[in-house]
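Novice: One structure, as structure tokens, below. Some questions next.
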Amino acid sequence: SYDAHPHHPNWLIVAIAASGQMRSEARLAGVRRALAKLAQHMDPRDHVTLLRYTDQATVVKQSATRDELAALARSDALVDQKGTADLGGAIRAACKVAENVESLDPRQVVVITGDRGNFDRAALPEAVERLSRLTEMNVPWHLIRLAADENDAV
């Protein structure tokens, strides 16, 4: 059994693409492993808000504990059967959650996608504004694109 290193409580907001491309080529399996490992490192005071997104973002769990996140990583809650991933919508939803967290715990936003070219350019100004607001609030954010292979990387 792994014991988490002592740290201040954290609140992580994670938005995961649930599109068909994300389910293919072991991307979703990699995300599941990463969530399970994250759960192992969580302190009982840590929380994770987990979102999945295709054409719209859905909150899977608002304030997951270590055990709840581990269970979600093994479940089908991350899978959606249809739709393409709307990265702009995911950024909007994840930032909104981060802005509305009432806790004083440090927050971080992570948006994970596996799709190429799934960003509506009309959504770019709002996404930049929301991410800039997070930066002003000292909330770190990360956009992660999982490539199938090195030829797929941007």
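Any read-out appearing in this document is the output of simple, stated calculations on the displayed coordinates, not a laboratory observation. A quick note: this is a predicted structure, and the numbers were derived from the prediction, not measured. Glycine gets a Cβ as well: all are built from the backbone with ideal geometry, and neighbour counts include every protein chain shown.
Novice: Using the Cα gyration tensor of the stretch 24-103, with a ≥ b ≥ c the square roots of its eigenvalues, what is the shape: rounded (a/c below 1.5), prolate (a/b larger than b/c) or oblate (neither)?
Specialist: Oblate is the answer for the stretch 24-103, as a/c is 1.5 or above yet b/c matches or exceeds a/b.
Novice: Within straight cross-link reach of K37, meaning Cα distance under 25 Å, which lysines are found once same-chain residues fewer than 8 apart are removed?
Specialist: Filter leaves K61.
Novice: Turning to a different aspect of this structure: Taking H as built 1.01 Å from N, whose amide H comes closer than 5 Å to the amide H of A18, not counting residues under 5 places away?
Specialist: Y53, T54
Novice: Further question on the same structure: Can you list residues whose amide H is under 5 Å from R107's amide H, if they're 5+ apart or on another chain and H is modeled 1.01 Å from N?
Specialist: The list, which skips near neighbours in sequence, is W11.
Novice: Using mean Cβ contacts within 10 Å as the protection proxy, how do 49-61, 130-142 order, highest first?
Specialist: My ranking of the peptides, most packed first, is 49-61, 130-142.
Novice: Hey, what do the phi angles of the stretch 56-64 turn into as Karplus ³J(HN,Hα) couplings, whole Hz, using 6.51/-1.76/1.60 and θ = phi - 60°, x for Gly and Pro?
Specialist: These are the phi-based 3J(HN,Hα) values: 8, 8, 10, 6, 7, 8, 6, 9, 6 Hz.
Novice: Moving to a separate point now. Per-residue HN-Hα couplings for the stretch 126-131, Karplus 6.51 cos²θ - 1.76 cosθ + 1.60 at θ = phi - 60°, whole Hz, x for Gly and Pro?
Specialist: 5, 4, 4, 4, 5, 5
Novice: Need one number: nm distance between label points at V59 and L124, each 7 Å from Cα along Cα→Cβ, rounded to one decimal.
Specialist: About 3.1 nm, to one decimal.
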